[in-house]
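The block underneath contains the structure these notes are about, expressed in structure tokens.
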Amino acid sequence: MILSETHKTPALEKPIRLQEYGVGIFKTIPTKSGIKKALKKNLVFVDGKIATTALFIKGNELIELYKASENSTFKQFDFPLEILFEDDYLAIIYKPPGILVNGNSFATIDNALLQNLSKSSLFDAVRPRPVHRLDYPTSGLLLIGKTNSSIIALNKLFENKQIQKTYHAITIGNIASKGEINLPVNNKTAFTLFEVLKTTTSIRFIKLNLVKLTPKTGRKHQLRKHLLAINSPILGDKEHFIEGLILNGKGLYLHASTLNFRHPFTKKQITITKELPIKFKKIFAC
């Protein structure tokens, strides 16, 4: 088995069953059913001992989540990926629009990583895994961990908001030249900075805007929901839209353009940018 994640419990007012306490403490299994499955497979340890569903957490325990050793029969998805950065610890790849990062589908970025990335030479090398997500219709940069320690370290950087992500979108209608959106998403605090870089007229949509977006939190569909909330939805969005302003057949005009962070092991500043897709350039000369 390979250590995947660790969690140190704080002091608790009263004991709580592990399968209840464990919901949400691990990024790779955020659900109650996921915790139960891991417990049944003996993949959860508390203070160095195999945990069970009957165990109560009292506080100050070390909870460790393991995963089974890599399966040599793992099926790879034959899909070439553009690699923008790679070393023994991590990689940054370009995710095209219209493909899942991971999930139950076979055709995912996760299943295509082994054939595209070189195996890490480090002692805790694991099958490369994405450490964050991009929506199915969104294009752009995706950060990949190649060792157990790097996956844990990169997750910690995200938790501490030490990875800066920049997006570009084309939005519909009137919008301020710059500003901030501070509106909850899924009942959680969410904060986005935006700046309009270019604007053009449109026969169908009246006005289109090339907008730079800097999310300060990472809620699901945050940018798409925030822009709809200020009545300037993203072009091509079929989930968060204004009635009568849906563009079909061109996909979502949202692109994860830049990742900026300090490498957790080499300590070098990493800044990678992926140019805007051709469909953006057909509307704006950029």
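The values are calculated or read from the model by the stated rules, or taken from the named source; none is laboratory data. It should be emphasised that the depicted structure is a prediction, and the values quoted were computed from it without experimental measurement. Using ideal geometry, Cβ is built from the backbone for each residue, glycine included, and neighbour counts are taken over all protein chains shown. Protein only, heavy atoms only, side chains kept; ligands, DNA and RNA dropped before computing areas. Shrake-Rupley method; radii C 1.70, N 1.55, O 1.52, S 1.80 Å.
Note that the stretch 32-145 presents 51 Å² accessible area per residue, ligands and nucleic acids not counted, probe 1.4 Å.
Please compute the Kirkwood hydrodynamic radius of the stretch 120-161 from all pairs of different C-alpha atoms, in Å with one decimal. Mean inverse Cα-Cα distance, inverted, gives 11.2 Å. Rounded to the nearest 20, the Cβ-based charge dipole of the stretch 133-265 about its Cα centre (Lys and Arg +1, Asp and Glu -1) stands at 260 debye.
Among the listed pairs K165/K282; K75/K274; K178/K225; K14/K220, which are separated by more than 21 Å between their Cα atoms? Violating the 21 Å limit, Cα to Cα: K165/K282; K75/K274; K14/K220. Angle, helix 148-159 long axis vs. longest principal axis of the chain, Cα atoms, 0 to 90°, nearest 10? That works out to roughly 50 degrees.
Figure note: L55, L223 ranked by solvent-accessible area, largest first, 1.4 Å probe, ligands and nucleic acids not counted: L55, L223. Mean sequence separation of contacting Cα pairs (under 8 Å, at least six apart), scaled by the length of the chain, corresponds to a relative contact order of 13 percent. Could you point to the residue in Y167, Y66, I2 farthest towards the positive end of the chain's charge dipole, with +1 and -1 charges on the Cβ of Lys/Arg and Asp/Glu respectively? Working it through, the farthest residue towards the positive pole turns out to be Y167. Dividing the mean sequence gap of close Cα pairs (under 8 Å, 6+ apart) by how many residues the stretch 63-139 holds gives a relative contact order of 31 percent.
This model, with +1 at the C-beta of Lys and Arg and -1 at the C-beta of Asp and Glu, gives the chain a dipole about its Cα centre of some 400 debye.
The value of relative contact order for the stretch 74-183, using C-alpha pairs under 8 Å at least six residues apart, is 25 percent. The loop-placed chymotrypsin sites (Phe, Trp or Tyr not before Pro) in the stretch 17-101, going by DSSP, that have at most 11 neighbouring Cβ atoms within 10 Å of their Cβ come out as F74. Centre-to-centre, using Cα atoms only, the stretch 151-213 and the stretch 17-82 are separated by 33 Å. The calculated P(r) of the chain, using every Cα pair and 5 Å bins from 0, goes 1, 5, 11, 14, 15, 15, 13, 11, 7, 4, 2, 1, 0, 0 in percent.
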